[in-house]
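J.: Below you'll find the structure I mean.
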Amino acid sequence: MHSQTPDRHAFLRHPSMPWVVFTCAIVVSFFIHEMGHCAVAWLYGYPAIPTPAKEYILKPLPEAVQYQVALGGILGSVAALLAGAFWLHLRPTASRSALLAGAMTAPGFYTLRFILAGRGHDGTEFQEAQAALGLRYSGHAIDWLFVGLFVLATLFWFWRTGARPTPRLAGRLIVGALGALIVAVLLQSINNAVFDPLFQSKPKQNHLLTGGPEFPKCGQTTKESIETYLASGTVKAIGPVYARKLVEKFGEEMVAIVERESARRRCPFAYMPSVKAICLTQTLQRSLSTLL
């Protein structure tokens with residue numbers, strides 16, 4: 001009798017393997033993004049620690065270096081997406097399709113947020129990366145870059161795999177998108193819980209989501225208080241650099257501008273804290289940043 005040799009690679013053909021690859025690809029692509037940030041910081045001699053969902057810069061950065069660090073993360077995400085596409089191009093398989101899908105997760109979320117909130121990233125990363133490239137700080141070049149990359153990657157996948165749109169495929173894509181969202185949220189939450197106490201002495205708080213102070217009122221504030229408010233991270237997508245630029249250009253008048261634009265732009269469901277945060281961010285960006 002001849003004994004059968006066990007197949008050492010049988011687990012690679014298990015039906016659940018593409019989902020495992022998909023999950024791992026999301027984590028790795030996020031980490032590559034953070035590594036991009038830290039690699040630039042290291043090149044300039046600043047200590048930085050990459051973690052799966054956030055980079056920790058341990059010393060304050062000059063404005064020019066901060067712009068370059070932001071650009072490094074963008075290049076990391078682009079590199080991860082191109083690597084996934086190249087790997088699928090060599091030999092299209094279910095696992096390699098899952099690998100590309102994982103690499104497309106960040107660009108996909110950036111695209112979705114750009115459509116819903118007017119900016120693909122909830123911080124100032126995209127604006128700073130644009131400044132590093134010599135583009136308009138308040139523009140949307142990086143947003144459109146990720147929209148284009150996401151669309152091209154999707155078309156490439158259909159072309160390379162020969163897949164055809166079917167209800168079954170649509171269902172799998174929806175499940176995959178929900179799964180990616182769950183993985184991303186869990187990864188960010190766990191990452192913050194584990195590493196924030198170690199590397200971030202005072203984690204930023206989004207006061208609009210935690211019941212903190214509202215935007216200053218006319219006649220009740222100064223240039224310094226406006227800049228402090230905006231630079232604190234209360235309003236996502238506006239950080240210290242952008243806050244200083246806004247205050248330098250508009251001064252105390254910007255409060256009146258924001259209130260006037262807020263009244264003109266009626267935000268549905270503005271009583272919900274998360275929607276209120278998005279509305280205020282959009283108002284600030286549309287009514288002020290476009291004038292910079």
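The values are calculated or read from the model by the stated rules, or taken from the named source; none is laboratory data. Everything numeric here is computed off the predicted structure, so don't read it as measured data. As a convention, Cβ positions derive from the backbone with ideal geometry for all residues, glycine included, and neighbour counts pool all protein chains shown.
J.: How many residues does segment 77-93 contain that are surrounded by fewer than 14 Cβ atoms within 10 Å (Cβ to Cβ) and of a type in the set (A, V, I, L, M)?
T.: Our first condition is that a residue be surrounded by fewer than 14 Cβ atoms within 10 Å (Cβ to Cβ); within segment 77-93, this holds for 82, 86, 89-91.
If we keep only those that are of a type in the set (A, V, I, L, M) too, we end up with 82, 90.
Count: 2.
J.: A follow-up question, please. For residue 123, which of the numbered conditions (1) part of a helix (DSSP H, G or I); (2) within 20 Å of residue 143 (Cα to Cα) fails to hold?
T.: Status for residue 123: all satisfied but (1).
J.: Going by the conditions given, is residue 39 in contact (Cβ under 8 Å) with a residue 40 or more places away in the chain, assigned to a helix (DSSP H, G or I) and not polar (S, T, N, Q)? I'd like the intermediate steps shown before the answer.
T.: On the way: in contact (Cβ under 8 Å) with a residue 40 or more places away in the chain: no; assigned to a helix (DSSP H, G or I): yes; not polar (S, T, N, Q): yes.
Taking the combined requirement at face value, the residue does not satisfy it.
J.: Moving on. Inspect all residues belonging to segment 70-93 and state whether any of them is touching a Ser or Thr at 6+ places or on another chain (Cβ under 7 Å), modelled with pLDDT under 95 and assigned to a loop (DSSP other than H, G, I, E, B).
T.: Yes: one or more hits.
J.: Of the residues in segment 103-156, how many are charged (D, E, K, R) and closer than 18 Å to residue 177 by Cα?
T.: Here is the first cut: in segment 103-156, the residues charged (D, E, K, R) are 113, 119, 122, 125, 128, 136, 143.
Remaining after also requiring closer than 18 Å to residue 177 by Cα: 113.
Number satisfying all stated conditions: 1.
J.: Checking the structure you have, find out if any residue of segment 43-60 is in the same structural domain as residue 191 (by TED's automatic domain parsing), at pLDDT 95 or above and part of a helix (DSSP H, G or I).
T.: There is at least one residue in segment 43-60 that is in the same structural domain as residue 191 (by TED's automatic domain parsing), at pLDDT 95 or above and part of a helix (DSSP H, G or I).
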